[in-house]
Structure formats: C-alpha cells, structure tokens
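*Asks:* Once you've had a glance at the structure underneath, I'll fire off some questions.
The values are calculated or read from the model by the stated rules, or taken from the named source; none is laboratory data. Being a predicted model, the structure only gives us computed values, none of them experimental. Heads up, the Cβs are rebuilt from the backbone with ideal geometry, glycines too, and the neighbour counts pull from every protein chain shown.
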Amino acid sequence: MTSGELTGKYSLGGILKLPRRCHVRHDILICHTTFREATSKLEPADETADKDLCDTCDSRGYRYTSDIRMAVTLSRFVLVMTCSAGLVTLASGQSSMIGQERHPAESDDNAAGFSATKYHDYIIVGAGPSGLQLGYFLQRAGRDYLILEKGDSAGTFYKTYPRHRKLISINKRYTGKTNKEYNLRHDWNSLLSDDESLLMTQYTEEFFPSADTYVQYLNDFARKLRLKIQHGVNVHRIWKTDDEKEGFSIRDQSGNVFTCRYLVVATGIWVPNEPEFVGKEHVVGYENMTLDLDWYRGKTVLILGKGNSAFETADYIQPVTNFVHLFSRSRVKLAWETHYVGDLRAVNNGLIDTYQLKSLDGVLYTDINNMQVIKHGGQFNIRLVNDFEHRGLHDNFAARSPYDVIIRALGFHFDDSIFDKSIIPKLGEGEKKKYPAIKPNYESVNVESLFFAGTNTHSLDFRKSTGGFIHGFRYTTRALHRLLEWRNHKYPWPSTTLRTTQVMNTLLKRMNEASGLYQMYSVLGDVIIINDTDTVYLEEVPVQLLPQLETATGHRAPNKVIVMAMEFGKNFSGPGSDPLRHGTATTVPKDAHLAGFLHPVLYYYSHLPTDDDMLRRPLKWILPRPTRLHHVIEDFLFDFSSPVSHVLHLRRFLDTVFGYETRNYFAGSCFKMAMTHTNVPKTCQDQYLRGEGLTHAKS
Ligand SMILES: Cc1cc2nc3c(=O)[nH]c(=O)nc-3n(C[C@H](O)[C@H](O)[C@H](O)COP(=O)(O)OP(=O)(O)OC[C@H]3O[C@@H](n4cnc5c(N)ncnc54)[C@H](O)[C@@H]3O)c2cc1C
C-alpha cells in the first residue's frame, strides 16, 4: 500500500471498525456511513480517532455531510474511504493515512499498483479539449473536481488523430479587428479562458495547424491554468452509487475506485466503425495504417469511406500511388454545400480534382455491407454480393481491377463499454447512433445525472451545427457549466439587467461580435426576458431548453421573451446545393426571411412555449412558431449595423414587441416633446421618473 502524508488534522487512528451497512459489488466492498466534514473545529488526530465514524459527533460541534462511500478491494485487502473532507486509506484495518487534496503531479498513484483517491464533487472522464474546458470553468467557480485521463498527458486523441497530422479547424490570425470576442469567431481551436497567452493563434502561423502543435497547446492550457488532472487512469467501469439519487463510482484499470456526486463523460468518439463483410481481415484501419509513404509507393489503393479521414488519407498517399479509389454508400457531402464542418472540407478534397480532371483516381457508390474482399495472390478483388445488375451480364464493373491495399476509414463511435449494464446510456438513432442520446441540458436521456461534454454531445446538433467540434463545444461546455451551477449550487445563469432603451444596442452588439452565437448557430441563443420595468438578458442559452427556461436557469420568465439565434436559410444547404450560383444573396430587407446565409433571427413569444409546442414545431425550425418573428437581413460583410436595412427594421420589431417606442431620447428632446405634444414616449416618462429629466443647472 502507498504511504501518504499524515496530517494530524484529518487522520484517523487506531483500528477501523467496518460499519455494518456494507455490500459487495464488482469485487468492491461498499459501505455507507456518516462522516462529518473536516473543519477547523476538528481536534488533533489522536483525539478524533474513531470518532470520525461516529454518528453522534455533532453534539461536539462537528458538521455532518451526506453519506460517504467506503470501498474495500477484496483482492488486495485494502480499504479506501473517500469523503468530502479528505482522503482516508486503511490497510488491513490497521494502518491509516489521510491525505489532503494534492495536485495530480504530486500524487503517488499507482505505486504498488494501487491508489487511494478521495471523493470529488465533480469527476470529468477525459482530458481532451472539452474535458479541459469544463475543468477550467469548474476551477474558476471554485468547485471540487478532478479530470481522469487515460493518457499520460492531455489531448490524447490529437496525439494520434488526424492521422496525417493536419487539423481541419482554422487558425485565422488576422481579421482586421482587435475585438477579442469577435476574433474568436475565426479562431476555431482556442479554448475559452481569461489567459490571453492561451490562444492557438499565438502558437502557429499555419491556417490548418499541425495536430502536434495542438497537443502542446492543450497541455499548456492544462498546466498554466493548473487544472486538476489525474493521468494514467483508464476508466473501465462506471456505476451508480446505490442509495444516492446522484453519485457515481468509477473504477480504473488497476482497480482504483473514484467516487463523485456529479459525473461528466468527455471521452470523445474513438471506437472505429468496422462493418461486417467477407474478407474484412484483409483491410487495414485508418487508426493503425502506416504513415510510411514508401509502403504505398506504386500501389493501387482502395479506401472505404468518403468523409474527411478517407479523403485526408487519399491526399496523403496520392502522390506515390498508381491510383486511389474511394467507396461508400452515400454521395460525397461537401462542407461548403452543406455548411456542416464535419462534411468533406476543401482542404482535404484534392482527390475530387484528380478524379474529375481525369487523373485515374475516382469515387464510387458501393454498399460496403454488400461487399466481399477476395484475396488473390498478393492482391485483393472486390465482389458485390447483391449486384444483380452486373452479375454475369456485364464485364465493366468499375472496381474490377485488383487492389494492393484496402484501407477502412469509416469514422468512429462512442465507447459505451465503460458503463455498468445497469446504466448503459442510450445511443442516438439513425445517423446519430455513434453518440449518446442526450437531453438539451446535456444529460443522458435514460441515466439521470449522467452528463456529457464535447463531441459526445453532438447528437443534439448533428449535421445542424458545430457542437461536435472545438469551436462549437467550447460554448456548449460553458452552457453545461452554467446549467450545473444552477442545478447543483443554485447560482442562476449569468444575466444583465437592461433598460428597454438598451436592448436594441445590446442586440446589435451581440449579433456583430458574439462568438458563441455565431459558432453554435441554431443551437445557442440569447434570451431576453421582458418584465414590466426592465429586461433580463441571458447569453447563449441552449434554445431547446426554452420551455424549461425557468427551472434550467433560475430566472423567472412569466411573460414576454425574445430569443435571438443565428441561422442559415432553411433550404439553403445540402449535398448538391450550389451556394456559389449567381443570385444566392438576399439584399432587400423585406425579403430578409428568404436569406440563405447565416443571419440573426429573433423570435418573440408572449409566453414561454411549452414542451408540447417544442415537439410540434415545424420541420427544420429550431423553435416553435413565435408570436412574432424577425429575420435580420443577411449581410455579405457580416456587419449588421446598416442604419436602414438592419437597425430601423430591428427597431420596428422591438417597438411592436414592447408595445411602445423603445428609442432612447436625450433629456432635452423629451422636454421639448413634453412641451409640444399631448403625449411623450414611455422611455421619456421612465427617464423622468428616474430623475433623469432636465435639471436646473446652477450657475
Ligand atoms: C479523425 C478526426 C479528426 C478530427 N479533427 C478535428 C479538427 O481538426 N478540429 C476539430 O475541431 N475537431 C476535429 N475532430 C472532432 C474531434 O473528435 C473533436 O474535436 C475533439 O477531439 C473532441 O474533443 P473531446 O474533448 O470531446 O474528445 P477527445 O479529444 O477525444 O478527448 C477524449 C479524452 O478522453 C480520454 N478517454 C477516453 N476514454 C477514456 C477512458 N475510458 N478513461 C479515461 N480517459 C479516457 C482520451 O484519452 C482523450 O484524452 C476530429 C475527429 C476525428 C475522428
């Protein structure tokens, strides 16, 4: 057993009597007892011996916390007890050690193959970009958390992927502006933090940075912000602590058990999709293909797949191969046609050029499940099982020439094998089955209190927005944190109280600068709660949560609300659409609702929509039909501040919603109107009531 620092303040002495309420699960003995929190009132260790487990200590001024969990790894006969106060380890019921929370770097975990760990309020599984991002917010909020990571540093995914080492997220260093929030619209790799040195734009000039640089960036992020990560912890099993509504136990590869009240799984999607077909053993996976170009020299290669990893692979080997063919069931989806960043990006699509400009390479439609790979000498032939059209009739089958190498690049899916069978999270349906199915608050649809972060949450916006990618999930992770702050600690969603006259300028500022709205279009929206005397502005709320706005954010919204989100036109994007054709842009304000390119859309509801309204919303709509809808006309410069096309029309919308003129007048103008009109605008009346009318100037 490992030894640790004995601190008089926290340590237990003597022989531990096992509490009675124990049971065995997964080779672990789990016991429940009552334990008080270590406070400054705790007496020295000797005197507190045994009392730490006593149920009556509160009479001596100690504070109780909820149940703690104790676990004995039977095979090693070591007892681990965790509690919110400190770490307790007892071996064979004789020696004892309590360590205060130590920085991961200082931990002596895995010495002798066993580590005792303390309870944490929050455990995040995975130190990829999303785990780090959430760790940052939890740390800033002063929460007790720990990130468990199987790799020996952060960003393990990016140490291997993309295999050909070039990210597809852009690193735009120059925008002509110094506004930091605005610039994040074009920096797709940086995580959110207050440390300005932690911007990926400062790490490299490359527009598509190297994955190695990104690994360095992520590790700097973790180190500089002193995030609490325990490395080398490969989570093998997660189960729910029996008698707590919330609370999870987590066991790693060495049998160590961690417990937490709130669990966030940020493990990414790693498990390669490997369809069954005859001869699949002849196929090499994208995940372990060699990067040695000599191996592909003068060879004919077939790649199964038509996504970014397939095309990225084709681009890499193309210069040394005879030719490369790509197979998949569906047509190639070009990102610039679909506006979905997960579709084939121009940076990877060189093979389309060589295919269409007749340079031997090619792309074929084939159902891979119907395919057989037959080894013939050192080469591989392809046969289609149900190809009735061609079988025996034609001799011009497109893939009739043998291949030297076949590579599978068919994407990845979420690993649900780490969950106990009692809490296996449901997966999404259809195309989304590679992700866990989650509610708009990022909680599993079937496992209460199990939350997800990062690319694991992409079932919510798959092929609709950017939540599967860094520039999207850095904002959904912030949203998750804000939801957890209210749910678990009763800190409402951050808000600003605005006067009616400030709403318009705030909306204009947000549509012209905000990055979260821009990146997570259709998914995150600003919500304005309109009260009798003021308005409350909440930024970047998941719009799907609108029916539950009050319970999810802690803000009352009894009456009117406005939601502003960014959206592409509903019929603008899709495989085969041509966004480059002449006349795609809408320029006349009265046709703003026909706009195709990304633009702000404002939904006004006289009352919050219900869950039922949300379910019955029209096809392709992100929200139910509102009381009033306003599209801000799309703009080529993405600058929505033209006085007439943008501002005037927005003002008219707001005046209608508020039921009075919302313009801000100078006190002098208000006074003049009061003298010359029978009525003055409400904003003038409010100013006057606040004592902001014309005052007598002392000479
Ligand atoms: C080939 C490929 C290329 C991509 N390129 C880009 C890109 O250029 N830009 C972009 O924005 N997105 C890209 N993506 C999407 C990508 O998945 C996400 O951007 C990003 O990696 C997801 O971050 P994450 O934190 O959610 O998960 P990951 O980055 O996958 O991080 C998950 C972490 O959890 C750890 N982990 C997993 N299982 C366990 C376990 N059982 N116990 C302990 N730790 C565990 C892993 O070691 C890892 O560190 C790409 C995806 C693929 C498949």
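*Asks:* Does Arg226 satisfy the condition of being out of contact with any Ser or Thr (no Cβ under 6 Å at 6 or more places or on another chain), within 30 Å of Ser197 (Cβ to Cβ) and away from the ligand (no atom under 16 Å from the Cβ)?
*Replies:* Here the answer is yes, as Arg226 does meet what is asked.
*Asks:* Sticking with this structure for a sec: Of everything in region 631-659, what is in contact with a Pro (Cβ under 9 Å, 6 or more places away or on another chain), surrounded by fewer than 17 Cβ atoms within 10 Å (Cβ to Cβ) and in contact (Cβ under 8 Å) with a residue 24 or more places away in the chain? Give them in sequence order.
*Replies:* Val644, the sole residue that qualifies.
*Asks:* Does Gly468 qualify as being assigned to a loop (DSSP other than H, G, I, E, B), under 30 Å from Ile528 (Cβ atoms), in contact (Cβ under 8 Å) with a residue 24 or more places away in the chain and small (Gly, Ala, Ser)?
*Replies:* Judged against the criteria, Gly468 is a match.
*Asks:* Follow-up. If you scan region 498-515, which residues turn out to be of a type in the set (S, T, N, Q) and farther than 19 Å from Tyr660 by Cβ?
*Replies:* If the condition is that a residue be of a type in the set (S, T, N, Q) and farther than 19 Å from Tyr660 by Cβ, then Asn512, Ser515 are the ones that fit.
*Asks:* May I pose another question? Every residue in region 143-160 that is more than 7 Å from the ligand (Cβ to nearest atom) and either under 17 Å from Ile418 (Cβ atoms) or at pLDDT below 95 (or both), please.
*Replies:* Just the residues of region 143-160 that are more than 7 Å from the ligand (Cβ to nearest atom), to begin with: 143-147, 152-153, 159-160.
Scanning region 143-160 gives Leu146, Ile147.
*Asks:* When you look at Phe666, is it within 26 Å of Leu602 (Cα to Cα) and of a type in the set (Phe, Trp, Tyr), yes or no?
*Replies:* No; evaluated as a whole, the condition is false for this residue.
*Asks:* Let me ask another. Go through region 124-142 residue by residue and tally those that are part of a loop (DSSP other than H, G, I, E, B), more than 6 Å from the ligand (Cβ to nearest atom) and in contact (Cβ under 8 Å) with a residue 60 or more places away in the chain.
*Replies:* 1
*Asks:* Among what's in region 417-438 and is surrounded by fewer than 16 Cβ atoms within 10 Å (Cβ to Cβ) and in a loop (DSSP other than H, G, I, E, B), pick the residue that is farthest from the ligand (Cβ to nearest atom).
*Replies:* Glu429
*Asks:* Since Asn446 meets every condition but one in (1) outside any loop (DSSP other than H, G, I, E, B); (2) assigned by TED's automatic domain parsing to the domain that holds Arg143; (3) away from the ligand (no atom under 14 Å from the Cβ), which condition does it not meet?
*Replies:* (1)
*Asks:* Looking at (1) within 15 Å of the ligand (Cβ to nearest atom); (2) modelled with pLDDT under 95, which one does Tyr119 not meet, given that it meets all the others?
*Replies:* Among (1) within 15 Å of the ligand (Cβ to nearest atom); (2) modelled with pLDDT under 95, the lone unmet condition for Tyr119 is (1).
*Asks:* To continue, here is another question. Does region 173-188 contain any residue that is within 11 Å of the ligand (Cβ to nearest atom), over 16 Å from the mean Cα position of the chain (by Cα), of a type in the set (Ser, Thr, Tyr) and surrounded by fewer than 17 Cβ atoms within 10 Å (Cβ to Cβ)?
*Replies:* No - not one qualifying residue is present in region 173-188.
*Asks:* Scanning region 449-477 for residues that are of a type in the set (Phe, Trp, Tyr) and within 8 Å of the chain's Cα centre (by Cα), which turns out farthest from the ligand (Cβ to nearest atom)?
*Replies:* So, considering only residues that are of a type in the set (Phe, Trp, Tyr) and within 8 Å of the chain's Cα centre (by Cα), the one farthest from the ligand (Cβ to nearest atom) is Tyr475.
*Asks:* A follow-up question, please. Pairs please, first residue from region 301-319 and of a type in the set (D, E, K, R), second anywhere and in a loop (DSSP other than H, G, I, E, B) and more than 11 Å from the ligand (Cβ to nearest atom), Cβ atoms under 7 Å, 6+ apart in sequence or on different chains.
*Replies:* Note: pairs meeting the criteria are Lys306/Val332.
*Asks:* Of all residues in region 628-676, how many are in contact with a Cys (Cβ under 6 Å, 6 or more places away or on another chain) and of a type in the set (A, V, I, L, M, F, W, C)? Give the derivation first.
*Replies:* First, the residues of region 628-676 that are in contact with a Cys (Cβ under 6 Å, 6 or more places away or on another chain): 665, 670.
After this cut, where a residue has to be of a type in the set (A, V, I, L, M, F, W, C) as well, the list is 670.
Going through region 628-676 one residue at a time, the tally reaches 1.
*Asks:* Would region 327-343 turn up any residue that is more than 35 Å from the chain's Cα centre (by Cα) and surrounded by fewer than 19 Cβ atoms within 10 Å (Cβ to Cβ)?
*Replies:* Taking every residue of region 327-343 in turn, none turns out to be more than 35 Å from the chain's Cα centre (by Cα) and surrounded by fewer than 19 Cβ atoms within 10 Å (Cβ to Cβ).
*Asks:* Which of the residues belonging to region 588-597 are out of contact with any Gly (no Cβ under 8 Å at 6 or more places or on another chain) and buried (at least 19 other Cβ atoms within 10 Å of the Cβ)?
*Replies:* Ala592
*Asks:* Given the options Thr501, Thr477, Thr496, Thr455, name the one that is touching an Asp or Glu at 6+ places or on another chain (Cβ under 9 Å), part of a helix (DSSP H, G or I) and hydroxyl-bearing (Ser, Thr, Tyr).
*Replies:* Thr501
*Asks:* Output the residues belonging to region 191-249 that are touching a His at 6+ places or on another chain (Cβ under 8 Å) and in a strand (DSSP E or B).
*Replies:* Result: Arg237, Trp239.
*Asks:* Given Ala552, Ala565, Ala585, Ala557, which one is part of a loop (DSSP other than H, G, I, E, B) and surrounded by 19 or more Cβ atoms within 10 Å (Cβ to Cβ)?
*Replies:* Ala557
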